[in-house]
Structure formats: structure tokens, C-alpha cells
Ligand code: 5AD
Ligand code: SF4
């Protein structure tokens, strides 16, 4: 297990105090923009925690910020281009306020070619740090505050685990808890192993301490995170993921436990049994399929077949008949034929996922798939995407309609983003549920409530207390 030494963390706390002194009395504010997955969201909460320690208070408006941090994603080109374009827009803010500090971090800039491009073409970016260097943000910031020098640090992508950093959570009701970092799988399309390094599991007791603290603070939903969460413990051998889930579920408190993202090859019967036997564990499983074709799965280096995937799903449903299963699908992987794409559609019909996240294949530098022959044209990729959504949306709607009339437990989160007369929450299946706003429903914010489902749409349910 590779953990950053306590001495090193204390050094970073000393930098945080130094920054706070330098910034004191200035009323400075910070703004963080996050791209990508929940792991990045969790990292951003640590960045926010460090910013607060260093004398900055949060602002929702980048125009008022004295420190801007862009936390980037590299999984698809689209996410990279958006992060670059947003960073480009901050140039004008810097012209107006030369004291503004702009930092770019995360997966995109952990790639050397992107870090170099920022160094050369974005001279107003002051700080840049890779995913493994996150805990050294205070040191870099102090350097910048004192010497007004640009600081770039992307080496050591392997990154040791840093415990004990401050954290400023977005929500009091829901929390992310990273249990492992990195990935060893090297799926041929995916850049994650290159930008997040090899798998590292946190110590079981550190995770349990964090979870206990969250429960004591009244947190109602805890989501364990890892790029390959169910291979937790394989590197350290302390305990496996099923044991970890079991141990967390045995803690007292009114909370629901989720986890993501799981790899089908590591979705063990032991884990499924633990879920089935636990009241605290959500009956929900996110299990990326990626493709329904055995040949494509092999070319993706996924290490399972459509048959073995169906077996896992079969056992989940045997133990938990109402379990909600969601998935990730990639369309247009190099060499994917119409027939192979048809096999993916067949799998959607056979599994009947509650929900999928679908992606158009995006070639990523360094990954083997980017070098494969027979890249699929953008037109074919878009057509396949449309067809995929058509098939899945019909299934999602049917599945949601089947819930009408049922009474479900919903964690009420707050005002709906699209309609201020409604509150939203999530049921155990992690589906969005909207309920009318009233003094009674408002009194339930942050709590579980029993909701009768009255209407269903493709992406949401509607109900009343
Ligand atoms: N192109 C498209 N989608 C990708 N994903 C990962 N890499 C790529 C890529 N190069 C998708 C996978 C993964 C999800 C997080 O992103 O479906 O499960
Ligand atoms: Fe990427 Fe595959 Fe690892 Fe998931 S399991 S992060 S898709 S390499």
C-alpha cells in the first residue's frame, strides 16, 4: 500500500496556514469547475477544502473569483475540448484582474502533450498539477502567491494515497467516499490507467473512519467510489470489496450505501450475496457492458463474454428480483460491424437495463484502440447512437411505468432544478423522483420518505408523499 507520509501531509497543512496568512483580511474567493466522473467531483471537494483552509471562501460566479481551479477529464475528446475552451475564456478575467490565479488539474493535464500545450499556449494559467499531485496543491499555491511564478507538476502519475486532506462537501445529505484509485484493466479504448495510474486501495480503517464520521454528521447516502471499485483490496489483501461493503452496512445509522463503477469480471457472487442480505445496501448495480459482441469485447480487452455477463445479471436477479441495473455502452468501437452493433441491441433487449449511459467511441492518445484499423465514420457512429437510444428509451420507459402505483422509499434532496414548484430525490434504484413542494414535503428534505409513484417518464418518476 502506498500512502503519503503523515509528515508530508503536515507539511501541506503548514503551506495551507502560510497561504491563509498571506491571504488574510482580503476577502478572497475561489471557484472550482469540474468535468468528468464522480471521482473528479470527489477530488474537487478536496480542492475546495484546501482552498477554504487557505483563506478563500466559495463563489458560484467565476467573475468574482481570485482563484479558479479547472478540474479536467480525459475520457473523451469532447470533455477535453470543453475544458480547454472554458480555460481559454478565463483569459479575459485575468486581464481584468491580474492578481487572479488560474489552476488546471485532473486527468487531461496528466497527459504530457496536454500539459505542454497549456504551458505554451495558455500563458495565463499559473498552476498545473496532475491527479497524483493533488495533495501538493497548497505548496504550489504558496509558491505562486509568494514568487508569482508559474508552477507545473505532472510527474509521478502513480500518485500515493493522501489521507487527512481537508474536504468541503457539496451536499450534507450525500457523500462520495473514494475507496481505491487507478485501474489495472487497460481496456483498449480507455485512457484512465494512463492518467490515474495503477490500482491503489485505501486502508480499510481509514475508509471506515470516514464513513462513520459521515453517518455521525447525518449523511443519508454514501457512494463508494473507484474506477474499478469491486477490485478493492486486490492490491493490499487487507479485505476484499464484499467484506468492505458488508462491514459498512453493519454500521448503525439511517443511510443507504451505493458503489461505482464495477467491472463485470469482479462482480463476485460473494458481493451479490452481501448486497442481497443487507438492508442498507441499495438494490442497484451499475455494471458497464460496453458491447454485446464477444469479438468486440475481446478487442476491448474486457475479459468477459456476453454469456458470462448474462450469468452475473441472472444471479443478481435471482437474489434480488427488483434490482435496478444500469450500464455504459460504447458505440462505434474500431471495426464494429453492423451485425456486432446489432448484438449490442440484442443484449439491451435481453438484459433490459433500467438505464444506460451511452458514448460514441472517442480515440484517445496512447490507447491501443486509437491505433486500430477500421475506425468508424462519425456518421455511422451517430446513427448507431440514435438507434441505441431509441431501443433503450423504450425499455427505460416501460420499466419506469411498471413502478406506477408502487410506494417507494425516496431520499428527498431539495428543489428541482427545472421546476421550483417541485422537490426531487432518488429512490433506491437511484432514479430521479419528483414530488410537489409543500410544507410537509419540505420538512422531509435530507430524509427518506415514502412516496407513491403516480406517473413515469423515460428519465424520471413523479409521485406524492
Ligand atoms: N470513448 C468513448 N467512451 C469511453 N469510455 C471510456 N473511454 C471511452 C472512449 N475512449 C466510456 C466507457 C466507460 C465510461 C466511463 O466512459 O463506457 O465505462
Ligand atoms: Fe477504463 Fe476499463 Fe479501467 Fe474502466 S475498467 S477505468 S473502462 S480501463
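FYI, it's all coordinate maths here, none of it is from the lab. Because the structure is predicted, anything quoted here is derived from the model rather than measured. Neighbour counts run over all protein chains shown; Cβ positions are idealised from the backbone, glycine included.
Just so you know, the averaged projected area of the alpha carbon convex hull for segment 171-259 sits at 5.9 nm². With the simple model of a label 7 Å out from the Cα in the direction of the Cβ, residue 370 to residue 217 spans 3.7 nm.
Against the main long axis of the alpha-carbon atoms of the chain, helix 378-401 sits at an angle near 60°. All alpha carbon pair distances within segment 334-388 were sorted into 5 Å bins beginning at 0; the resulting P(r) in whole percents reads 4, 16, 25, 24, 17, 10, 3. Panel order for 280, 270, by other beta carbons found within 10 Å of each beta carbon, from fewest to most: 270, 280. Both the radius of gyration and Dmax for segment 287-330 are 11.2, 33 Å, in that order, over alpha-carbon atoms. As a calculated quantity, the FRET efficiency between residue 38 and residue 339 at R0 = 35 Å, using C-beta atoms, amounts to about 0.50.
Please work out the FRET efficiency for the pair residue 380 and residue 119, using the Cβ-Cβ distance as r and a Förster radius of 41 Å; give the result to the nearest 0.05.
On the way: r = 37 Å, r/R0 = 0.90.
Plugging the Cβ-Cβ distance into 1/(1 + (r/R0)^6) gives 0.65.
Sort 2, 381 by Cβ crowding within 10 Å, fewest neighbours at the top. Can you show the working numbers first?
Numbers: 2 13, 381 21.
The most exposed by this proxy come first: 2, 381.
Antiparallel beta bridges, as assigned by DSSP with both residues in the chain, represent about 35 percent of the total such bridges. Relative to the longest principal axis of the Cα atoms of the chain, the long axis of helix 77-96 lies at roughly 30 degrees.
Counting 0.36 nm for each residue step from residue 454 to residue 171 and taking away their Cα separation leaves a gain of 99.1 nm. Among 120-133, 303-316, sorting by the average number of other beta carbon atoms lying within 10 angstrom of each residue, highest first, gives 120-133, 303-316.
With runs of 4+ DSSP H residues as the only contributors, calculate the mean residue ellipticity of the chain at 222 nm using -39,500 (n - 2.57) per run, divided by the residue total and rounded to the nearest 500.
-11500 deg cm²/dmol
Could you tell me what % of all Cα pairs in segment 129-232 have separations over 25 Å? Counting pairs separated by more than 25 Å, the tail of P(r) holds 33 percent.
Oblate is the label for segment 2-61. Its Cα gyration tensor axes, ordered a ≥ b ≥ c, give a/c of at least 1.5 and b/c at or above a/b. By the compact-protein rule of thumb, 2.2 N^0.38 Å, the alpha-carbon radius of gyration of segment 262-394 corresponds to a ratio of 1.10.
Look at the Cα gyration tensor of segment 319-365: its axes a ≥ b ≥ c give a/c of at least 1.5 with a/b at or below b/c, and that counts as oblate. P(r) tail for segment 407-464, what percent of Cα pairs lie past 16 Å? That tail contains 28 percent of the Cα-Cα pairs.
A full extension of the chain between residue 442 and residue 243 corresponds to an added length of 68.0 nm, given 0.36 nm per residue minus the alpha carbon distance.
Ellipsoid semi-axes for segment 2-160, based on the Cα gyration tensor and the rule √(5λ), read 21, 20, 14 Å when sorted largest first. Per residue, the average separation of C-alpha pairs within less than 8 Å and at least 6 apart gives the chain a relative contact order of 10 percent. For segment 60-132, a Kirkwood hydrodynamic radius built from all Cα pairs, placed in the Stokes-Einstein relation at 20 °C and 1.002 mPa s, yields a translational diffusion coefficient of 174 µm²/s. For the chain, the Stokes-Einstein estimate of translational diffusion at 20 °C and a viscosity of 1.002 mPa s comes to 91 µm²/s, using the Kirkwood hydrodynamic radius over alpha-carbon pairs.
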